[in-house]
Amino acid sequence: MSEPQETAGGTRRSPVMERETGPGTPGEPPVPLLDGPRGRAGRFWSARRVPAGLVALLLLVVAGAFLYDVAAVRAGRSSLAWRRELAGQLARRPLDDTWVLAGAGVAAALGLWLFLLALTPGLRTLLPMRRTHPDVRAGLHRAAAAMVLRDRAMEVSGVQSVRVRMRRAKARVRAVAHFRELDDVRADLDTVLDEAVRGLGLARPPAVSVRVARPGRKG
């Protein structure tokens, strides 16, 4: 901020606030990047509503059935036939029985599946973007990112069609060129797609793999 100055007429000029400009556009402040030097952001965590709902519904049904049977026995009624049969089967069958091992395997697999769901973030189709504000998180769907890369690749001269397969760490681009040298088309695609990937603003820009071929012969 500059100091107030006095003019020849005795009036004082108001202080002026000066912004520090960065290496980007002249007169514009640099955009801050959070979460590390490149603005990295963690993946979005899925709420897992479907697995949680299914597990909660299953536990509710099983717990409700057992609670009803226990309450019936306490009221002087006989227990349900399925619980008597289950208790008898568990009492008679040894631990190395096929059905016991199969049930234990299913229970272990279900528990491992739930454990993995609890430890993994999910939402693999949502790519986190660089954070420029502490209270804002943004993500870009893979399909939208692939569409942007495809549109930019179609702008290259000589490109007839483009297919983009987007992953979290890599983008595979397959282009068909009907004229121009393939090496020239590939070089232009590399330049355009590298610029397009940077423009997506992703926290972890994917590596781009470009492959150019001639169209197949008809008939």
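The values are calculated or read from the model by the stated rules, or taken from the named source; none is laboratory data. This one's a predicted model, so the numbers in the text were calculated from it and none came from an experiment. Cβ placement follows ideal geometry from the backbone for every residue including glycine, while neighbour counts extend to all protein chains displayed. Only protein heavy atoms, including side chains, enter the accessible area calculation; ligands, DNA and RNA are left aside. Shrake-Rupley method; radii C 1.70, N 1.55, O 1.52, S 1.80 Å.
Electrostatic tally near residue 85: other residues with Cβ closer than 14 Å to its Cβ, Lys and Arg +1, Asp and Glu -1, net +3. In sequence order, region 101-112 has phi-based couplings of 5, 5, x, 5, x, 5, 5, 5, 5, 5, x, 5 Hz under the Karplus curve 6.51 cos²θ - 1.76 cosθ + 1.60, θ = phi - 60°, and Gly or Pro positions carry x. Please compute the net charge surrounding residue 69, taking Lys and Arg as +1 and Asp and Glu as -1 over other residues with Cβ under 13 Å from its Cβ. Once all neighbours under 13 Å are counted, the net charge is +3. The modelled label-to-label distance between residue 60 and residue 107, using points 7 Å beyond Cα along the C-beta direction, is 2.4 nm. The mean accessible area for residues of region 144-219, using a 1.4 Å probe and ignoring ligands and nucleic acids, is 61 Å² per residue.
Sites listed here are trypsin sites (Lys or Arg not before Pro) in region 56-111 whose DSSP assignment is loop and whose Cβ has at most 14 other Cβ atoms within 10 Å: 77.
Accessible surface area normalised per residue over region 57-103 is 85 Å², counting heavy atoms of protein chains with a 1.4 Å rolling probe. By a 1.4 Å probe calculation restricted to protein chains, residue 181 has an accessible surface near 120 Å², given to the nearest 10. Within the accessible surface of region 137-219, defined with a 1.4 Å probe on protein heavy atoms only, the carbon and sulfur portion equals 47 percent. All other residues whose Cβ lies under 14 angstrom from that of residue 189 are scored, Lys and Arg at +1 and Asp and Glu at -1, for a net of -1. Fully extending the segment from residue 75 to residue 45 would add 6.1 nm, taking 0.36 nm per residue of separation and subtracting the current Cα-Cα distance. Solvent-accessible area assigned to carbon and sulfur over region 85-130 amounts to 74 percent, based on a 1.4 Å probe.
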